[in-house]
Amino acid sequence: MRTKNASMMAVLAAGAMTALGTSPAAAADVLLPHPGPDGLVWVQEQVGDGGVVSAGAWGGLPTVLTVACEGGGTINATMESQGNHVAELTVDCPAGTTGIGTVSMDPGKVTGSFNIGIDASDDTIRWALTVTQPE
């Protein structure tokens, strides 16, 4: 039953997800691959400031936020769940290669709805993110 409920929540979360930011850059390379069955959110690519709002996180699993970026500068990611600050992550974004940062949170830290704000040091920085709940 847990798998069926998790699948339904993932579908609902995907439908409720809103990505904010400018349109993706026309690039053939992917900053972060699709997170697979553990994924709650995958923002394939955005440029500049932005973020995402979603739901469906289960409090019984750990939550992992991964942010990747490229372009020279930094990305600051801030995550909130149910109105509580749960994580902050700063990632260096080198020019010509991908910088990646990850923060892992214990079970119960992220439950239900959550949002992630992205503050880019430059409007040309490409970024992507995933939120996963590995079983």
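The values are calculated or read from the model by the stated rules, or taken from the named source; none is laboratory data. Owing to the predicted nature of the structure, the values given are computational and were not obtained by experimental measurement. A quick note on method: Cβ atoms are made from the backbone with ideal geometry, for glycine too, and the neighbour counts reach across all protein chains shown. Note: accessible area is taken over every heavy atom of the protein model, side chains too, but ligands, DNA and RNA are not part of it. Shrake-Rupley method; radii C 1.70, N 1.55, O 1.52, S 1.80 Å.
Only a single item in (1) within 20 Å of GLY39 (Cβ to Cβ); (2) open to solvent by 10 Å² or more (accessible area, probe 1.4 Å); (3) at pLDDT 95 or above is not met by GLU135, and it is number (3). Among the residues of the stretch 50-70, those that are over 14 Å from ASP38 (Cα atoms) and open to solvent by less than 10 Å² (accessible area, probe 1.4 Å) comprise GLY51, VAL52, SER54, VAL67, ALA68, CYS69. Let me confirm something: among ALA25, ALA57, ALA10, which residue is in contact with a helix residue (DSSP H, G or I) (Cβ under 9 Å, 6 or more places away or on another chain) and modelled with pLDDT under 95? The unique qualifying residue is ALA10. The lone criterion from (1) free of Cβ contacts under 8 Å to residues at least 24 places away in the same chain; (2) farther than 15 Å from LEU65 by Cβ; (3) within 16 Å of the chain's Cα centre (by Cα) left unmet by GLY83 is number (3).
Taken over the stretch 28-49, the criterion of being open to solvent by less than 40 Å² (accessible area, probe 1.4 Å) and either small (Gly, Ala, Ser) or under 16 Å from ASP122 (Cβ atoms) (or both) is satisfied by LEU31, GLY36, GLY39, GLU45, GLN46, VAL47, GLY48. Residues in the stretch 55-74 that are touching an Asp or Glu at 6+ places or on another chain (Cβ under 7 Å) and assigned to a strand (DSSP E or B): THR74 alone. Taking the criterion of being under 15 Å from SER54 (Cα atoms) and part of a strand (DSSP E or B), the residues of the stretch 86-127 that qualify are VAL86, GLY112, SER113, PHE114, ASN115, ILE116, GLY117, ILE118.
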